[in-house]
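Engineer: Below is one structure. I have some questions about it.
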């Protein structure tokens, strides 16, 4: 009997195939399974950063030094990044990979999360940053593999938005 891999196992597998070995992140409960997995795997160097801009800068420096990285965060953390993306990643053609656990939808109670969720995609589009919402486990490997290949080939940022339909999202008290 075949068992289906979890989304975070697929993500880690694609990152390995693409030689993305540096994982910076701002802690997030939805991303916890992926964070735990990369910490347990000696292929990856993974560590928490205090702010999203810090992770973006570390990953940019790593790229200039020949390494590939990805920054993990939740939706509200994305709101701190547009200036860094517009003044570092985009003009200097740094293929910054971002992965965002989506909050602000499907029963969200926090208005701050809702506002960022509504503006995140338009901001990414305005900055001409390729972005994909991952909603189905069967699409994760294909979308990530092709998009990471494109990001490195074109030296352009790319953002993966993890829908609650994929991750189960944040569990809210009733």
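The values are calculated or read from the model by the stated rules, or taken from the named source; none is laboratory data. From a predicted model like this one, the values you see are computed outputs, not experimental measurements. Cβ sites come from the backbone with ideal geometry, for glycine too, and all protein chains shown count toward neighbours.
Engineer: Buried (at least 21 other Cβ atoms within 10 Å of the Cβ) and at negative phi: is that true of residue 123 in this structure?
Structural biologist: Values: buried (at least 21 other Cβ atoms within 10 Å of the Cβ): no; at negative phi: yes.
For residue 123, the condition - buried (at least 21 other Cβ atoms within 10 Å of the Cβ) and at negative phi - is not met.
Engineer: Do we have residue 22 as modelled with pLDDT of 95 or more, touching a helix residue (DSSP H, G or I) at 6+ places or on another chain (Cβ under 8 Å) and farther than 24 Å from residue 139 by Cβ here? So that I can check it myself, show each step before the final result.
Structural biologist: Numbers: modelled with pLDDT of 95 or more: yes; touching a helix residue (DSSP H, G or I) at 6+ places or on another chain (Cβ under 8 Å): yes; farther than 24 Å from residue 139 by Cβ: yes.
So residue 22 fits the description; yes.
Engineer: Take the residues in region 18-35 that are touching a strand residue (DSSP E or B) at 6+ places or on another chain (Cβ under 9 Å) and surrounded by fewer than 16 Cβ atoms within 10 Å (Cβ to Cβ); name whichever of them is farthest from residue 82 (Cα to Cα).
Structural biologist: 29
Engineer: Here is a further query. Restrict the check to region 156-173 and report whether at least one residue is at pLDDT 95 or above and in a loop (DSSP other than H, G, I, E, B).
Structural biologist: Yes; the residues of region 156-173 include at least one that is at pLDDT 95 or above and in a loop (DSSP other than H, G, I, E, B).
Engineer: Further question: For region 36-131, which fully contained strands (runs of 3 or more DSSP E) count at least 1 residues that are out of contact with any strand residue (DSSP E or B) (no Cβ under 7 Å at 6 or more places or on another chain), modelled with pLDDT under 95 and under 24 Å from residue 150 (Cβ atoms)? First the steps, then the outcome.
Structural biologist: Working: elements: 45-48, 69-74, 97-101.
Where strands (runs of 3 or more DSSP E) fall fully within region 36-131, none carries at least 1 residues being out of contact with any strand residue (DSSP E or B) (no Cβ under 7 Å at 6 or more places or on another chain), modelled with pLDDT under 95 and under 24 Å from residue 150 (Cβ atoms).
Engineer: Go through (1) more than 14 Å from the chain's Cα centre (by Cα); (2) in contact (Cβ under 8 Å) with a residue 24 or more places away in the chain; (3) part of a helix (DSSP H, G or I); (4) farther than 22 Å from residue 121 by Cα and name the single condition residue 15 misses.
Structural biologist: Residue 15 satisfies every listed condition except (1).
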